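The values are calculated or read from the model by the stated rules, or taken from the named source; none is laboratory data. Predicted model, so just to flag it, every value in this text is computed and none were measured. For neighbour counting, all protein chains shown are included, and Cβ atoms are generated from backbone atoms with ideal geometry for every residue, glycine included. The protein model used for the area step is the full one, side chains on, heavy atoms only, and it has no ligands, DNA or RNA in it. Shrake-Rupley method; radii C 1.70, N 1.55, O 1.52, S 1.80 Å.
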Amino acid sequence: KEGRAGIFLVSPLGGPAQKLVDLPQREPESDALVALGKQPWSPDGRWLLFARAREKGGTALWRIDLEGREEKELLPAVEGQSFAEPSLAPDGRRIVFTRASIDGRASLWLLDLDASEARPLVDEKANAMEPLFSPGGEAVIFVSDRAGNEGNVWTIDLASRRITPITLSPTLVNSPVAARDGRLAVATSSHQTDLYLDAVDGGSQRRLTFHTHDNFGPRLSPDGRKIAYMSNRTGDPEIWLLDVESGEERRLTDNPARDMSPTWAPDGRSILFSSDRDPAHPFFELHMLFRC
């Protein structure tokens, strides 16, 4: 049908685009984004690897011959699972792809084309996505939030299964692509929210924080001399304290959980905040900091 999402081929010099593959109209935008991995081409450039969702759910991995337009299913769809972002190894014999479960968690799997067998590569609580093979094919590069922040680029050695970081940035790092000489290009994105002190009568404004990421949810102490607030500058939302007069900042909590919504006690000697740090309880609980 006209208007459906699809995979197109166009010359880098410009010209008309040729439609190669139809994608379902279930979720055209999201399906198109994950249909192609970072390395979809076969080594000889004769066929293309892609993922296609079924109208009734699940996603299968396919290849298409660019000359005859013949399609072949490589990995059938599994109910409740979505296969996406398939990339081919330099030898053309292995595929790494993202496998997303019904709860939204993404893991990495390998498909051996010679054996038509898929097996897990990175399957843990953290998300792993955007996989591609290193130029030599000995490792897989991917994006993961395994360090507790928004996402960084990692690599896993296929022989030892050792995972090591390539980037460790407090901001989001994603979209890695590798050149044949081993260089890696990535994209980073971030935003910043800062605290300001304003006069009630609309007088002068004073900026209090100057850090990347978010500083938000300020709460003035009863005497007006300190501000408790949330900041995720370390990668996790934590409770911080700022001295209004000196500008000195101090982190009050240090936990991989999310510490949020500080509230001062009337005497100004303690702060109540919410946190999901207790793994036995999936919801936020209240905690207390004393002698602030």
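Quick notes on this one:
- Only one entry of E130, E138 meets the criterion of being touching a strand residue (DSSP E or B) at 6+ places or on another chain (Cβ under 9 Å) and buried (at least 17 other Cβ atoms within 10 Å of the Cβ), and that entry is E130.
- Only residues that are open to solvent by 60 Å² or more (accessible area, probe 1.4 Å) and of a type outside the set (D, E, K, R) were counted in region 102-114, giving 1.
- Taken over region 273-292, the criterion of being closer than 24 Å to H211 by Cβ and either at pLDDT 85 or above or not in a loop (DSSP other than H, G, I, E, B) (or both) is satisfied by F273, S274, S275, H287, L289.
- Filter result (in a loop (DSSP other than H, G, I, E, B) and closer than 20 Å to A35 by Cα) within region 117-147: N127
- Of the residues making up region 215-228, not a single one is open to solvent by 40 Å² or more (accessible area, probe 1.4 Å) and of a type in the set (G, A, S).
- Restricting region 187-202 to residues that are surrounded by 10 or more Cβ atoms within 10 Å (Cβ to Cβ) and either under 21 Å from the mean Cα position of the chain (by Cα) or not in a strand (DSSP E or B) (or both), the residue that is modelled with the lowest pLDDT is S190.
- Residue, modelled with the lowest pLDDT, within region 203-221, restricted to residues that are among the polar types (S, T, N, Q) and within 20 Å of V244 (Cβ to Cβ): S204
- When the criteria are applied in full, R69 fails the requirement of being part of a strand (DSSP E or B) and touching a residue at least 12 places away in the same chain (Cβ under 8 Å).
- Residue that is farthest from the chain's Cα centre (by Cα), among those in region 56-66 that are surrounded by 15 or more Cβ atoms within 10 Å (Cβ to Cβ) and part of a strand (DSSP E or B): I64
- Residue in region 255-264 that is nearest to the chain's Cα centre (by Cα), counting only those that are in contact (Cβ under 8 Å) with a residue 40 or more places away in the chain and open to solvent by 20 Å² or more (accessible area, probe 1.4 Å): P256
- The numbered conditions (1) open to solvent by less than 70 Å² (accessible area, probe 1.4 Å); (2) closer than 13 Å to E130 by Cα are all true for A53 except (2).
- Contacts under 8 angstrom Cβ, first residue in region 1-16 being closer than 18 Å to L66 by Cα, partner at pLDDT 75 or above and surrounded by fewer than 10 Cβ atoms within 10 Å (Cβ to Cβ), 6 or more apart: V10/P16
- Scanning region 149-175 for residues that are in a loop (DSSP other than H, G, I, E, B), open to solvent by 40 Å² or more (accessible area, probe 1.4 Å) and within 25 Å of T193 (Cβ to Cβ) yields E150, L168, P170.
- Unique residue being of a type outside the set (D, E), closer than 27 Å to V143 by Cα and at pLDDT 80 or above when the list is L184, L252, L241: L184
- Condition met for V34 (open to solvent by 30 Å² or more (accessible area, probe 1.4 Å), in contact (Cβ under 8 Å) with a residue 40 or more places away in the chain and within 20 Å of A128 (Cβ to Cβ)): yes
- Counted residues, region 82-96 - those being assigned to a loop (DSSP other than H, G, I, E, B) and either without any contact (Cβ under 8 Å) to a residue 40 or more places away in the chain or more than 24 Å from the chain's Cα centre (by Cα) (or both): 4
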